[in-house]
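Visitor: Below you will find the structure I want to go over with you.
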Amino acid sequence: MRSSSTPLRTRLAALCAGLAATAALIAAGGSSAHAADTPLRDLAAAKGKVIGTAVTGSKLTGTYGDLAGSQFGSLTPGNAMKWESVEPSRGTFNWTEADQIVAFAQAHGQQVRGHTLVWHNQNPGWLTNGSWTSAQLGTLLQDHISTEVGRYKGKIAAWDVVNEPFNEDGTYRTDLWYNGLGADYIADALTWARAADPAAKLYINDYNVEGVNAKSTALYTLVKSLKERGVPIDGVGLQAHLILGQVPSTLQQNIQRFADLGVDVAITELDVRMALPADSAELAQQAADYKAVTAACVAVTRCVNLTVWGFADSDSWVDSTFPGYGAATPYDANYAPKPAYYAIAEALGGTTTTPPTGACSATYSVVSQWNTGFTGQVRIACSGAALSSWKATWTYGAGQQVTQAWNAACTQSGTAVTCTNASYNGTVPDGGSVTFGFNGTWSGGNPVPSVTLG
Ligand code: G2I
């Protein structure tokens, strides 16, 4: 696209300039190019682990799709495989999103963790509002499991067969299933799932079972007894919806005690929520929390998978569920990796040159362009770091010339442009951004330059 002069290439250059953007990262205390770092899925594989993320099928394009496909070795449908999603009306099935996620995973060499078959939540109204005998309920459940597991037979690495069966005190949750079928709904569901796909690993999954406590001990006792009875149970899922600074000190010990029962363990829904707005201290603590959880999984051979419940802050259940809390995932809402991302990478044995204190990035874009002129802008955004003054520099490769700037003082010498903050916008707070604009001239081509922040 550089220095092109034919009409077609000129049009292409203009199009590219309008669409493309480039970013330079500066990190507090150092610099790095995160794009060159080894993807998390490769780091995890080298440790004998799989790292995964929950996903929404409709979002699997653009940057979201690129990151989901390149950084993660397994995908969990966040909602698409739940009963209300797949059978909204009795006997009427909708597999569209689930199929899409499975196809995406196959195209990207990823595993799929099926989620979830038996749960107290997100069941269709026709099921929860119905009045069923125990026998009818059992048949409905068996049919549901046979149909869904059968549909994806051979394509699902692991199923969260039973989700959230316990109360906090370790008693059984008195939901539709327990009330209608008794505690053996769990053994029956596992048995039906095994019959429908003998190759899939079958899990029981719950929250607040990460540390050793009454709830996790009830789960431990259940898994032990299922094993003793010969019921098919292959794994335990620890959801790990954590609060900042509250990784249980007994996490690794708890993972190990399940492993010692002869089952796999997965961290299935990891996120770490914090009070908003996120500041650099919180983001550093969050990085430490992600690192501790990842390290605990790495330390136990049978901890086979670590999945984050959404990889970007724009795709998390937390913000709407806990008003005032959020920023729970490893990427910010603009898909920039946060300190937590680098912390996971480091716990998986990766070396990153970015300190876990965050970074600021500059993004150049062409806002509009006409025959010989254009308007450009640069957005400087910080996450986990902050600036009290800034300077953005770039080199034009196709003879462009800045003629006028606003919200910055810009000078151009030859092809080199230097822009510094105005008196009123030198501060870029952690989690904030500053934008400045300029007009310029171009001819032949207007490629987007790389901006350096310093
Ligand atoms: O609640 C967090 C997770 C706890 N463990 C089991 C997971 O399956 C659960 O996931 C969340 C989804 O991430 C949310 O996306 O489950 C929520 C429901 O309990 C999901 O939220 C629901 C909203 O409540 C609905 O309003 C919405 O229609 O997502 C639905 C689909 O976007």
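Visitor: Calculate, for the chain, the solvent-accessible area per residue in square angstrom, rolling a 1.4 angstrom probe over the heavy atoms of the protein chains. Please list the in-between numbers first.
Guide: Working: 17950 Å² over 454 residues.
Normalised by residue count, the accessible surface of the chain is 40 Å².
Visitor: Rounded to the nearest 5, what % of the DSSP beta bridges within the chain are antiparallel ones?
Guide: Values: 51 of 86 bridges.
DSSP beta bridges in the chain are roughly 60 percent antiparallel.
Visitor: Continuing with the same structure: Taking amide H positions as placed in the peptide plane 1.01 Å from N, state which residues far from ASN94 in sequence (5 or more) or on other chains have amide H under 5 Å from it.
Guide: Distant-sequence amide H within range of ASN94: GLU87.
Visitor: What's the carbon and sulfur percent of the chain's accessible surface, probe 1.4 angstrom, rounded to a whole number?
Guide: Numbers: 9210 of 17950 Å².
Carbon with sulfur: 51 percent of the solvent-accessible area.
Visitor: Another question, then. Starting from 0 in steps of 10 Å, tell me what percent of the Cα-Cα pairs of the chain lands in each bin.
Guide: 4, 19, 25, 21, 14, 9, 5, 1, 0
Visitor: Show me the ranking of peptides 245-254, 317-326 by mean Cβ neighbours inside 10 Å, starting with the highest. Each step should come with its number before you reach the end.
Guide: Values: 245-254: 17.4, 317-326: 14.8.
So the peptides 245-254, 317-326, ranked by packing, come out 245-254, 317-326.
Visitor: Another question, if that's okay. Karplus couplings for segment 84-99 from phi (6.51 cos²θ - 1.76 cosθ + 1.60, θ = phi - 60°), rounded to Hz, Gly and Pro as x?
Guide: 5, 6, 8, 9, x, 10, 4, x, 10, 9, 9, 9, 4, 5, 5, 4
Visitor: Could you run the Karplus curve 6.51 cos²θ - 1.76 cosθ + 1.60 with θ = phi - 60° over segment 319-330 and give me ³J(HN,Hα) per residue in whole Hz, x for Gly and Pro?
Guide: Computed from phi, the couplings for segment 319-330 are 4, 7, 8, 10, x, x, 10, x, 6, 8, 10, x Hz.
Visitor: Applying a 10 Å radius around every beta-carbon, put 70-79, 302-311, 183-192 in order of their mean neighbour count, most first. Before the final figure, lay out each step's value.
Guide: Numbers: 70-79: 22.8, 302-311: 25.2, 183-192: 19.6.
Peptide ranking by packing, descending: 302-311, 70-79, 183-192.
Visitor: Let me ask something additional. Looking at segment 64-179, what % of its DSSP beta bridges pair antiparallel, to the nearest 5? Let's see the in-between values first.
Guide: On the way: 2 of 8 bridges.
Bridges in segment 64-179 are about 25 percent antiparallel.
The values are calculated or read from the model by the stated rules, or taken from the named source; none is laboratory data. None of the values given here were measured: they were computed from a predicted structure. Every residue, glycine among them, receives a Cβ derived from its backbone with ideal geometry; neighbour counts consider all protein chains shown. Heavy atoms of the whole protein, side chains included, go into the accessibility calculation; ligands, DNA and RNA do not. Shrake-Rupley method; radii C 1.70, N 1.55, O 1.52, S 1.80 Å.
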